[in-house]
Amino acid sequence: MKTVTTIKEVRDAVKAWRRAGETVGLVPTMGFLHEGHASLIKKAVADNDHVVVSTFVNPTQFGPNEDLDSYPRDEARDAALCEEMGADLMFRPDPKEMYTDAKVSVVVKDMNEHLCGVSRPVHFHGVCTVVTKLFNIVTPDKAYFGQKDAQQLAIIRKMVEDLNSPVEIVGCPIVREADGLAKSSRNTYLLPEEREAALCLSRAIFYGQDHIKAGMPAEKLLSVMTDIVADEPLAKIEYIKAVDVLTMEDVDVIDRPVLVAMAVYIGRTRLIDNFSFNPADKAI
């Protein structure tokens with residue numbers, strides 16, 4: 001496994017693989033890799049001849065009062081995990097390598113106006129811009145994203161469709177701690193008492209998964225899930241909603257595939273969690 005920092009190095013490696021007729025998978029991340037990222041890399045390694053993992057803390061997806069400077073970073077740990085999982089290349093560019101007097105970006109409409117996009121209005125523009133750049137640099141056959149960031153995954157799928165990008169988007173299941181908390185790099189921000197308090201998110205998610213299958217109406221479901229989280233004194237709810245999985249618009253009746261998603265502050269740490277449900281199938 002090799003770590004590179006320049007676009008040229010990535011392109012040179014990919015060109016050699018392409019000349020040999022080999023396939024390429026991409027796992028875009030912001031580094032500080034954990035078991036959730038490992039599951040993405042493992043899936044990519046199983047599906048492709050070669051895998052590139054990007055570990056770039058992308059400044060354009062952070063708002064002015066967000067945690068860009070304090071976002072956790074650990075290059076040695078990232079490289080060790082990438083190598084353990086079987087990746088071929090870790091791409092860790094400097095922001096100046098990715099953005100040199102940039103004048104063009106990818107703008108998201110409509111889907112950006114719901115859930116996380118309300119409080120983070122620039123976030124998905126930055127995500128889509130950097131993912132498009134990574135697609136152009138790596139030219140992967142497949143790219144892998146976690147379902148924990150469900151709105152991001154839906155927007156990237158729509159971006160690929162709208163821009164006719166020749167990349168297959170693969171969504172991978174949420175990976176949880178043994179006690180249920182969804183894996184996140186931001187979990188490291190939590191103090192011990194906050195870490196315990198954060199379990200209110202997964203308790204609400206598991207309740208929702210169980211009761212949506214039993215036919216509980218959306219209003220009642222969201223009300224009980226809200227109560228579960230609100231009962232935790234350290235929790236401050238940003239949103240708990242049921243939305244259409246394709247448009248991210250609120251739904252009142254669960255008569256189509258839906259995403260039930262939440263964003264909750266535990267102390268100063270913003271955490272997200274979700275599950276999807278198709279009434280023609282079952283919760284996933």
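The values are calculated or read from the model by the stated rules, or taken from the named source; none is laboratory data. The shown structure was predicted, so the numbers you read here are calculated from the model rather than taken from an experiment. Glycine also receives a Cβ, built like all others from the backbone with ideal geometry; neighbour counts cover every protein chain displayed. Surface accessibility is based on the protein's heavy atoms, side chains included, excluding ligands, DNA and RNA. Shrake-Rupley method; radii C 1.70, N 1.55, O 1.52, S 1.80 Å.
Data overview
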quantity	calculated
Accessible surface of the chain, 1.4 Å probe, proportion on carbon and sulfur as whole %	51
Cα principal axis extents for the chain, largest first, Å	56, 40, 37
Segment Phe206-Glu161, extension gain: residue separation times 0.36 nm, minus the distance between their alpha carbons	13.0 nm
Surface accessible to a 1.4 Å probe, Ile254 within the full protein complex, Å²	40
Nitroxide proxy distance, nm - points 7 Å out along Cα→Cβ at Asp231 and Asp255	3.3
Surface accessible to a 1.4 Å probe, Cys172 within the full protein complex, Å²	10
Counting DSSP beta bridges with both ends in the chain, the antiparallel % (nearest 5)	50
Whole-number accessible area per residue in Å² for region 1-100, which is evaluated in the context of all protein chains at 1.4 Å	48
Rounded tilt (10° steps) of 199-213 against the dominant C-alpha axis of the chain	70
Whole-number accessible area per residue in Å² for region 187-275, which is evaluated in the context of all protein chains at 1.4 Å	49
Trypsin sites (Lys or Arg not before Pro) within region 53-139, DSSP loop, no more than 16 other Cβ atoms inside 10 Å	Arg73, Lys103, Lys109
Linear extension gain, Glu9 paired with Tyr99, 0.36 nm per residue minus alpha-carbon span	30.7 nm
Distance-filtered residues of region 233-248 - backbone nitrogen under 16 Å, label point 7 angstrom along Glu196 Cα→Cβ	233-235
Cleavage-rule hits (GluC sites (Glu not before Pro)) in region 211-278: DSSP loop, at most 13 neighbouring Cβ within 10 angstrom	Glu249
Helix-only CD estimate at 222 nm, as mean residue ellipticity for the chain, using -39500 (n - 2.57) per DSSP H run (n ≥ 4)	-11500 deg cm²/dmol
Gap separating the Cα centres of region 78-101 and region 120-154, nearest whole Å	15
Rounded Å value of the spacing that divides the Cα centres of region 1-45 and region 231-253	34
Overall Cα dimensions of region 187-275, principal axis frame, Å, largest first	40, 24, 15
Cα gyration tensor category, rounded, prolate or oblate, for region 12-115 with a/c compared to 1.5	prolate
